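Q: I'd like to ask some things about the structure below.
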Amino acid sequence: MERMASHYRKSGGRWLGSGILRGMGVTLKNWIGSYFDPSRLVTVCYPGERLPLPENSRSFPFLIYDGDDPEAGLRCVACRICEKECPPECIHIENERDENGKPRKRPAVFDIDISVCMSCQICVEVCPFDAIEMDQIYAISTNARFEPLRLHKEQLLKPNEYFRELSPTRSAAADARREAERAKQAKKKEAGKKG
Amino acid sequence: MNVVLFIIAALILVGALATVCVRNLVYCALSLAATFAALGMLYLALGAEFIGWVQILVYVGAVAVLIVFVILLTAPDRMRSVGPLFSRSRILGVGVSLGVFGTIAYAVHKSGSLKGSLSMPAETDMQSIGEELLSSYLVPLEATGVLLTVALIGAVLFAREEPVEGSEESQESKD
Amino acid sequence: MWLVIIQLKIGIILTFFSLLFAVASLAERKILARIQNRRGPNRVGPCGLFQPIADGIKMLIKEDVVPRKADRALHFLAPIVMVAPMVLLFGILPYGGGLTLVDLEVGLLFFFAVSSVSELAVFMAGWSSANKYSVFGAMRAIAQMVSYEVPLVLVAITPVMVAGSLSLVHMVEDQAGYAIGVIPNWFVLTPWGIVGFLLLFVTSLAEANRTPFDLPEGESELVAGHLTEYSGFKYALFFMGEYFGIFAGSGLAVALFLGGGGAPLPLLQWIPPYLWFFVKLVVLVGIVIWVRASLPRMRIDQLMDLCWKGLVPLAFVNLIAAAIWHYSGGGWQGWILAGGLLVGAYLMLNRVVLRSRCSWERKYYLAKS
Ligand code: SF4
Ligand code: SF4
């Protein structure tokens with residue numbers, strides 16, 4: 001900055017038209033340089049190439065499952081905290097029920113209407129089971145207004161590995177939390193057995 | 001050649017008639033421009049290259065554009081139609097135009113150009129026009145220049161009148 | 001036979017300029033992109049080379065929208081009145097080497113007379129659209145073109161004075177030959193010539209409504225000026241008219257100052273003159289694009305100030321310098337006298353402009369409270 005100012009004082013600003021010439025020089029350098037130094041081109045050919053997103057970018061929530069089987073590894077226990085906390089009320093959960101109609105601790109229906117979701121991440125914050133996390137999907141336009149934008153459980157479920165790739169930091173923290181929780185549970189069980 | 005002249009004359013007449021008869025100010029202005037252009041063509045067809053192109057440059061390129069510009073500036077809402085075809089002072093108008101026509105006709109008749117006695121210079125090239133302008137017609141040329149400059153300065157004065165301190169106008173604007 | 005040759009020439013010239021239009025519209029986007037660190041169109045064909053074809057097809061099949069309140073006749077006529085004179089201008093450019101179409105004795109006059117018709121086209125477009133942005137854009141464009149015609153003509157007169165003819169062909173002949181065997185006798189290599197060339201370049205940029213003088217089409221305030229209500233093929237015609245205007249202006253600059261079809265070195269004279277002419281023209285068009293990428297748009301009061309307080313006085317001084325040069329017979333006396341005069345004028349302008357910033361500031365004559 002300092003150098004630029006002194007440069008300006010030395011070479012330009014005193015002669016009419018020198019600013020124009022300097023500007024043209026800058027653009028000329030840019031133009032020729034762009035053919036020799038590809039790193040000058042800051043844009044990418046979008047749909048083919050995409051720039052990596054920053055780790056903390058987020059768009060819409062998704063559900064995490066462990067292991068290979070989405071249904072078996074489902075972390076969500078349908079406690080419905082997120083449903084209650086979601087400010088625009090775009091989460092819809094229905095519990096699975098057994099034959100007596102008693103609710104099970106699993107969601108039968110888990111819908112997020114992403115046309116309403118405002119990406120506030122509150123559902124992620126409140127979930128006690130690290131079952132819901134923020135995704136980074138974009139370019140998800142559809143050809144209808146309602147149904148395609150209402151994501152169902154099947155579309156929302158993604159493996160933990162995906163989350164690890166998406167956000168190493170946050171997934172590591174979540175994994176550590178879950179590990180600690182499991183250890184505590186195991187201890188309790190042991191204590192219970194003993195006692 | 002004659003056919004071309006007649007076509008051009010017809011164009012001029014149609015353009016001139018349209019200029020006064022059409023009830024749309026913009027069309028009037030554009031017909032006027034077309035008339036000017038046709039006049040330029042007439043000069044060109046008669047072999048007067050220089051005056052022909054000057055006619056187009058000055059009249060189509062400058063006068064018509066100025067007229068159009070004035071229309072844009074002054075009468076944006078009245079552009080679509082101007083009053084009735086025949087104004088109240090039509091008798092006077094007819095009288096004036098008859099007078100002008102008579103004068104010109106008399107002058108042309110007297111000058112003898114109709115009898116073909118005027119000797120046309122074999123070739124009117126740029127060189128001779130320039131020499132004539134800067135020798136025998138130097139004073140009229142300069143006078144025209146001065147006149148135009150005065151007109152220009154006057155226009156600038158009108159357009160850029162700044163309220164003088166303490167004058168009525170600035171008083172008004174302060175109130 | 002004569003007719004066939006004429007038609008052949010017309011064909012060659014029109015083909016060249018139409019091709020140049022296609023190439024220039026692509027090159028403009030490519031170069032602009034590169035200068036702004038982008039890639040530019042690269043989807044159609046290899047490296048996006050077929051983009052002009054795609055653009056053309058798009059323009060042709062697009063819906064031709066005419067506003068309901070528009071004046072249909074004028075709305076239709078305006079693009080034609082825009083392009084036709086520009087095409088006529090190509091007829092008198094002195095390509096040399098037998099490709100010159102007509103050698104009018106009053107060539108320069110013809111050039112200005114015909115190109116001034118495009119102002120009427122702008123007005124027709126602006127008014128017939130029945131859109132206030134269009135009307136404003138047209139008003140700006142006409143004011144700008146009328147103003148810049150003054151310095152343009154004043155500058156174009158200087159070579160006329162020195163060459164003693166209005167014919168462009170004659171002017172190119174006057175610039176033939178080489179001083180000391182290597183330096184071409186182009187007018188641009190004289191003190192008044194270089195100033196005249198720069199002035200001519202700037203004013204023809206303004207005449208063609210190109211950046212940095214493109215405020216009749218200033219998107220931010222006027223949508224697209226007089227082109228707002230145009231779409232499809234009519235818009236393409238306007239676009240073509242603008243480009244043809246640039247080509248014709250560049251051609252005029254080449255003929256007046258850059259020696260027409262003359263080769264820059266005696267060694268290169270085996271290349272036919274029209275090729276040289278086209279090369280110079282293309283280079284000038286490239287510079288126009290380069291300028292567009294570099295300079296920001298001016299404000300309307302700056303535009304008028306530049307014209308009336310900068311270019312017109314400079315053009316007058318240049319006229320005097322050319323006269324001095326002519327009567328001192330060129331050579332070193334000419335360089336000292338004419339060059340000194342021009343440098344003095346530049347220094348004075350420099351002083352005036354840079355010392356008193358106020359001349360470039362906006363004055364509110366009416367809004368003063
Ligand atoms: S996602 Fe979390 S908060 Fe929401 S219902 Fe499932 S377990 Fe409860
Ligand atoms: S991110 Fe916010 S709005 Fe979207 S589902 Fe979660 S809580 Fe609701």
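The values are calculated or read from the model by the stated rules, or taken from the named source; none is laboratory data. No experiment lies behind these values; they were computed from the predicted model shown. No Cβ is skipped: glycine too gets one built from the backbone with ideal geometry, and neighbour counts run over all protein chains shown.
Q: Quick check on the stretch C:241-251. Is at least one of its residues farther than 19 Å from C:VAL202 by Cα, touching a residue at least 12 places away in the same chain (Cβ under 8 Å) and out of contact with any Leu (no Cβ under 6 Å at 6 or more places or on another chain)?
A: Within the stretch C:241-251, not a single residue is farther than 19 Å from C:VAL202 by Cα, touching a residue at least 12 places away in the same chain (Cβ under 8 Å) and out of contact with any Leu (no Cβ under 6 Å at 6 or more places or on another chain).
Q: On to the next question. Is it fair to say C:GLY261 is closer than 19 Å to C:PRO184 by Cα, in contact (Cβ under 8 Å) with a residue 24 or more places away in the chain and small (Gly, Ala, Ser)?
A: Yes.
Q: Hey, another quick one. Which of the residues belonging to the stretch C:26-51 are surrounded by fewer than 18 Cβ atoms within 10 Å (Cβ to Cβ), more than 11 Å from chain A (Cβ to nearest Cβ) and over 20 Å from A:ILE32 (Cβ atoms)?
A: Result: C:VAL44, C:GLY45, C:PRO46, C:LEU49, C:PHE50.
Q: Sticking with this structure for a sec: Sort through C:MET59, C:MET82 and tell me the only one that's farther than 30 Å from C:GLY107 by Cβ, more than 14 Å from chain A (Cβ to nearest Cβ) and in contact with a Phe, Trp or Tyr (Cβ under 7 Å, 6 or more places away or on another chain).
A: Only one candidate qualifies: C:MET59.
Q: How many residues are surrounded by fewer than 23 Cβ atoms within 10 Å (Cβ to Cβ), in a helix (DSSP H, G or I) and under 22 Å from the mean Cα position of the chain (by Cα) if we restrict to the stretch C:222-237?
A: Matching residues across the stretch C:222-237 total 3.
Q: Let me ask something additional. Quick one: in the stretch B:119-145, which of the residues that are loosely packed, with under 10 Cβ neighbours inside 10 Å and aliphatic (A, V, I, L, M) is modelled with the lowest pLDDT?
A: B:ALA122
Q: Looking at the stretch C:85-102 only, could you name the residues that are within 12 Å of another protein chain (Cβ to nearest Cβ) and out of contact with any Ser or Thr (no Cβ under 6 Å at 6 or more places or on another chain)?
A: Listed by number, the residues that qualify are C:LEU88, C:ILE92, C:VAL102.
Q: Which members of the stretch A:11-51 meet the condition of being charged (D, E, K, R) and facing chain C (nearest Cβ under 9 Å)?
A: A:ARG14, A:ARG40
Q: Among the listed residues B:LEU39, B:LEU25, B:LEU44, which satisfies the condition of being free of Cβ contacts under 8 Å to residues at least 12 places away in the same chain and either surrounded by 21 or more Cβ atoms within 10 Å (Cβ to Cβ) or out of contact with any Pro (no Cβ under 8 Å at 6 or more places or on another chain) (or both)?
A: B:LEU44
Q: Now for a different question. Mind checking which helices (runs of 4 or more DSSP H) fall wholly inside the stretch C:112-199 and carry at least 2 residues that are among the aromatic types (Phe, Trp, Tyr)?
A: C:117-128, C:132-163
Q: Being within 11 Å of chain B (Cβ to nearest Cβ) and either under 30 Å from C:SER165 (Cβ atoms) or among the aromatic types (Phe, Trp, Tyr) (or both): is that true of C:SER128 here?
A: No; evaluated as a whole, the condition is false for this residue.
Q: Something else: Out of the stretch C:120-175, which residues are on the phi > 0 side of the Ramachandran plot and in contact (Cβ under 8 Å) with a residue 40 or more places away in the chain?
A: Across the stretch C:120-175, the qualifying residue is only C:ALA130.
Q: Sticking with this one: Of everything in the stretch A:120-150 that's within 16 Å of ligand 1 (Cβ to nearest atom) and part of a loop (DSSP other than H, G, I, E, B), which residue is nearest to A:GLU55 (Cα to Cα)?
A: Ranking the qualifying residues of the stretch A:120-150, first place goes to A:ASP135.
Q: If the requirement is being at pLDDT below 85, more than 16 Å from ligand 1 (Cβ to nearest atom) and either more than 30 Å from C:ALA33 (Cα to Cα) or in a loop (DSSP other than H, G, I, E, B) (or both), which of these qualifies: A:LEU53, A:LEU16?
A: A:LEU16
Q: Tell me, which residue of the stretch A:93-119 that is touching a residue at least 24 places away in the same chain (Cβ under 8 Å) and more than 14 Å from ligand 1 (Cβ to nearest atom) is nearest to the chain's Cα centre (by Cα)?
A: Result: A:SER119.
Q: What's the number of the only condition in (1) part of a helix (DSSP H, G or I); (2) modelled with pLDDT under 85 that C:ARG68 fails to meet?
A: The failed condition is (1).
Q: Still on this structure: Give the residues of the stretch A:55-85 that are within 15 Å of ligand 2 (Cβ to nearest atom) and either among the polar types (S, T, N, Q) or within 19 Å of A:ALA173 (Cα to Cα) (or both), sorted by residue number.
A: Of everything in the stretch A:55-85, those that are within 15 Å of ligand 2 (Cβ to nearest atom) and either among the polar types (S, T, N, Q) or within 19 Å of A:ALA173 (Cα to Cα) (or both) turn out to be A:ASN56, A:SER57, A:ARG58, A:SER59, A:PRO61, A:PHE62, A:LEU63, A:ILE64, A:CYS76.
Q: While we're looking at this one, here's another question. Tally the residues that are among the hydrophobic types (A, V, I, L, M, F, W, C) and crowded, with 24+ Cβ neighbours inside 10 Å, restricting the search to the stretch C:146-164.
A: 3
Q: Kindly provide the set of residues from the stretch A:76-92 that are more than 6 Å from ligand 1 (Cβ to nearest atom) and closer than 15 Å to A:LYS153 by Cα, ordered by number.
A: Result: A:GLU83, A:CYS90, A:ILE91, A:HIS92.
Q: So which of C:LYS9, C:LYS58 ends up being under 20 Å from C:GLY261 (Cα atoms), in a helix (DSSP H, G or I) and of a type in the set (Lys, Arg)?
A: C:LYS9
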